[in-house]
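The structure appears right after this line, and notes come after that.
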Amino acid sequence: MQGDPKITTSTIALLFPGQGSQFVGMGKDLYDKYPNARKTFDEADDVLGYKLSQLCFEGPEDQLRLTEVTQPAILTVSIAALRALEMRMPKPCYVAGHSLGEYSAHVAAGTMTFAEALTTVRNRGKYMQEAVPVGTGTMGVILGLEFSEVVAICREAAQGEVCEPANINYAEQIVISGNTAAVERALNLADEGGAKRAKLLPVSAPFHCSLMKPAQDRLAVDLNKLKLQKPVYPVACNVDADFVTDALRARDTLLRQVTGSVRWEECMLLLLAQGVQTFIEVGPGKVLCGLLRQIDRSKTCLSVGDEPSLLKATETLTAAA
């Protein structure tokens, strides 16, 4: 932290992780040691009608990996960590979340309640899983090629099927999504085109591509039932890489996100352009801090997902204030 500018509300952004950050045991020490975190897990169990807390703490892992369980589980751990943290830090000025994490960001911003987000992401996971028969679609990651090169490869590989950029995490890490054969063709083309790495990802469905249109249509019904509020903090949204500051746009961007690309690098550049100096990843894992290091190593990224990381983050924030 030496040499960093003073941390104020205008220089902090909260980041919330998406699917893939889950692990058995997540959130357990927050539940044990912070009453607000415990209440968060208890509320999730009540709203969902099953012991989500037990699946987070004890597994089994194969059940925790089910998309309709994973999504509310990561949301719950993220909000439990947020509630343990928020009384111990200055208010942030911006929030953002990667894919599913955008729902956590909107809960943090007051756009929707935690209970509303829980039922919405449970259904979102179910709809996404049911949108495409198992094995029909997949995702892959390409390292070391420019975005324009990946777009061209996807176009060539499609051959009448779907093959599209899904996550632009940073300049040279791009996830693609679509029909299994088309994605495999694209990964082979990327290998031949000099990619550092091109491999299939262990996912259960082809998220963030046009194959998810049936899920998007079903989710529209759920989102239209919610009485969303104006966000307290601007939310850097995935699909436009722009700030969402009203309820109508929040609904629209969350809906389009199902089939749209996660423009994560652009979201981070947007926050950096606002003068954000300190990013705090709130929830399980440290994936987003890792991505930020690839975009701008000069900024501080703290992670808060358990008691030791919470104590370390609050100590760093206090020392820098």
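The values are calculated or read from the model by the stated rules, or taken from the named source; none is laboratory data. Owing to the predicted nature of the structure, the values given are computational and were not obtained by experimental measurement. Cβ placement follows ideal geometry from the backbone for every residue including glycine, while neighbour counts extend to all protein chains displayed. What goes into the accessible areas is simple: the full protein's heavy atoms, side chains included, and nothing from ligands, DNA or RNA. Shrake-Rupley method; radii C 1.70, N 1.55, O 1.52, S 1.80 Å.
Just one of the numbered conditions (1) in a loop (DSSP other than H, G, I, E, B); (2) open to solvent by less than 60 Å² (accessible area, probe 1.4 Å) is not true of K227; which one?
(2)
Could you please let me know if V69 is of a type in the set (A, V, I, L, M, F, W, C), part of a helix (DSSP H, G or I) and open to solvent by 10 Å² or more (accessible area, probe 1.4 Å)? Show your work before the answer.
Details: of a type in the set (A, V, I, L, M, F, W, C): yes; part of a helix (DSSP H, G or I): yes; open to solvent by 10 Å² or more (accessible area, probe 1.4 Å): yes.
Answer is yes for this residue.
With over 18 Å from the mean Cα position of the chain (by Cα), part of a helix (DSSP H, G or I), modelled with pLDDT of 95 or more and surrounded by 18 or more Cβ atoms within 10 Å (Cβ to Cβ) as the only criterion, which of L271, L310 stands out?
Testing whether each residue is over 18 Å from the mean Cα position of the chain (by Cα), part of a helix (DSSP H, G or I), modelled with pLDDT of 95 or more and surrounded by 18 or more Cβ atoms within 10 Å (Cβ to Cβ) leaves just L310.
Here is a list of conditions, (1) over 18 Å from the mean Cα position of the chain (by Cα); (2) closer than 27 Å to I280 by Cα; (3) surrounded by 22 or more Cβ atoms within 10 Å (Cβ to Cβ); (4) not small (G, A, S), and T138 meets all of them except one; can you say which number that is?
Result: T138 fails condition (2) only.
Here are R218, R185, R197: which of them is over 20 Å from S104 (Cα atoms), open to solvent by less than 80 Å² (accessible area, probe 1.4 Å) and in contact (Cβ under 8 Å) with a residue 24 or more places away in the chain?
Among R218, R185, R197, only R185 is over 20 Å from S104 (Cα atoms), open to solvent by less than 80 Å² (accessible area, probe 1.4 Å) and in contact (Cβ under 8 Å) with a residue 24 or more places away in the chain.
Can you name every residue in the range 50-66 that is open to solvent by less than 10 Å² (accessible area, probe 1.4 Å) and either acidic (D, E) or under 17 Å from the mean Cα position of the chain (by Cα) (or both)?
Once the filter is applied, which keeps residues that are open to solvent by less than 10 Å² (accessible area, probe 1.4 Å) and either acidic (D, E) or under 17 Å from the mean Cα position of the chain (by Cα) (or both), the range 50-66 yields only L64.
Specify which of the listed residues (A247, A241) is out of contact with any strand residue (DSSP E or B) (no Cβ under 8 Å at 6 or more places or on another chain), farther than 24 Å from A166 by Cβ, surrounded by fewer than 22 Cβ atoms within 10 Å (Cβ to Cβ) and among the aliphatic types (A, V, I, L, M).
After applying the criteria, what remains is A247.
Quick one: in the range 21-47, of everything that is open to solvent by 20 Å² or more (accessible area, probe 1.4 Å) and within 21 Å of the chain's Cα centre (by Cα), which residue is farthest from G125 (Cα to Cα)?
Result: K28.
Can you tell which of K126, K91 is touching an Asp or Glu at 6+ places or on another chain (Cβ under 6 Å), in contact (Cβ under 8 Å) with a residue 24 or more places away in the chain and open to solvent by 40 Å² or more (accessible area, probe 1.4 Å)?
Of the residues listed, the single one that is touching an Asp or Glu at 6+ places or on another chain (Cβ under 6 Å), in contact (Cβ under 8 Å) with a residue 24 or more places away in the chain and open to solvent by 40 Å² or more (accessible area, probe 1.4 Å) is K126.
In the range 274-299, what residues are part of a strand (DSSP E or B) and not aliphatic (A, V, I, L, M)?
T278, F279, E281
Okay, residues lined up against (1) among the charged types (D, E, K, R); (2) part of a helix (DSSP H, G or I); (3) in contact with a Ser or Thr (Cβ under 7 Å, 6 or more places away or on another chain):
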residue: L15; (1), (2), (3): no, no, no
residue: V24; (1), (2), (3): no, no, no
residue: E43; (1), (2), (3): yes, yes, no
residue: L55; (1), (2), (3): no, yes, no
residue: I79; (1), (2), (3): no, yes, yes
residue: A84; (1), (2), (3): no, yes, no
residue: M87; (1), (2), (3): no, yes, no
residue: V95; (1), (2), (3): no, no, no
residue: E102; (1), (2), (3): yes, yes, no
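When you go through T113, T180 one by one, which is the residue that is out of contact with any His (no Cβ under 8 Å at 6 or more places or on another chain), within 30 Å of A73 (Cα to Cα), open to solvent by 20 Å² or more (accessible area, probe 1.4 Å) and free of Cβ contacts under 8 Å to residues at least 40 places away in the same chain?
T113
How many residues, within the range 274-307, are over 26 Å from V24 (Cβ atoms), in contact (Cβ under 8 Å) with a residue 24 or more places away in the chain and open to solvent by 10 Å² or more (accessible area, probe 1.4 Å)?
Residues that pass the stated criteria total 8.
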